[in-house]
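The values are calculated or read from the model by the stated rules, or taken from the named source; none is laboratory data. None of these values were measured; they are calculated from a predicted model. Every residue, glycine as well, gets a Cβ built from its backbone with ideal geometry; the counts of neighbours run over all protein chains shown.
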Amino acid sequence: MSLALALSVVVALAYSGWKDVPHAWRLLRSQHAGYAGYTRAQKDRLFGTSIPMSMEDFDFWRFYLRPGDRYYLQMPPEPFSSFADKRQIAQAIAHIYLLPAIETQSLDDATVVLSLDANPTTLDRSFSDQHEAGLQEIYFSRLHGS
């Protein structure tokens, strides 16, 4: 019985490879052709722009972040799509785009607060350095002592 099972698995894998591998290579070649001319900055931003979400907000935060920073993302709950809210989407982008900084779930563990559509003064913390992106509620706030 185990020989028959092993043979079935081998046959199934061979069929899957014969059927799916050419399609996968065609897809990879077409994606490479589409993105090969992009600059490094365009490639870095591609994940966020394809969602779509404003990458200018992330660029603003990225400019002020330092290696070793731990950020707390301050955003109110807001619908974005049928599968995630705006904060979840922002977290997914930030986890990649803002490296080597890392997100912390606790404000007490953070060195900076990244705020979008929220004002960091409501957090009852003192900041040593704070920057606002124009007239929008987009802030970069370095916590006092960080």
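The residues of the range 78-92 that are over 16 Å from the mean Cα position of the chain (by Cα) and touching a residue at least 12 places away in the same chain (Cβ under 8 Å) amount to a single one, Glu78.
Yes/no matrix, rows are residues, columns are (1) among the hydroxyl-bearing types (Ser, Thr, Tyr); (2) modelled with pLDDT of 70 or more:
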{"residue": "Ala4", "(1), (2)": "no, no"}
{"residue": "Val10", "(1), (2)": "no, no"}
{"residue": "Leu13", "(1), (2)": "no, no"}
{"residue": "Ser16", "(1), (2)": "yes, no"}
{"residue": "Arg26", "(1), (2)": "no, yes"}
{"residue": "Gln31", "(1), (2)": "no, yes"}
{"residue": "Ala36", "(1), (2)": "no, yes"}
{"residue": "Gln42", "(1), (2)": "no, yes"}
{"residue": "Arg45", "(1), (2)": "no, yes"}
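Looking for whichever is among the charged types (D, E, K, R), modelled with pLDDT under 90 and closer than 17 Å to Phe140 by Cα here; the options are Asp124, Asp57. Which one fits? Going through Asp124, Asp57 in turn, just one is among the charged types (D, E, K, R), modelled with pLDDT under 90 and closer than 17 Å to Phe140 by Cα: Asp124. Taking the range 93-116, which residues are in contact (Cβ under 8 Å) with a residue 40 or more places away in the chain and within 21 Å of Asp44 (Cβ to Cβ)? Once the filter is applied, which keeps residues that are in contact (Cβ under 8 Å) with a residue 40 or more places away in the chain and within 21 Å of Asp44 (Cβ to Cβ), the range 93-116 yields Ile93, Ile96, Tyr97, Leu98, Val112, Leu114, Leu116. For the criterion of being among the hydroxyl-bearing types (Ser, Thr, Tyr) and within 18 Å of Pro67 (Cα to Cα), Thr111 passes. Among the residues making up the range 97-146, those that are closer than 14 Å to Phe60 by Cα and polar (S, T, N, Q) are Ser115, Gln130, Gln136, Ser141.
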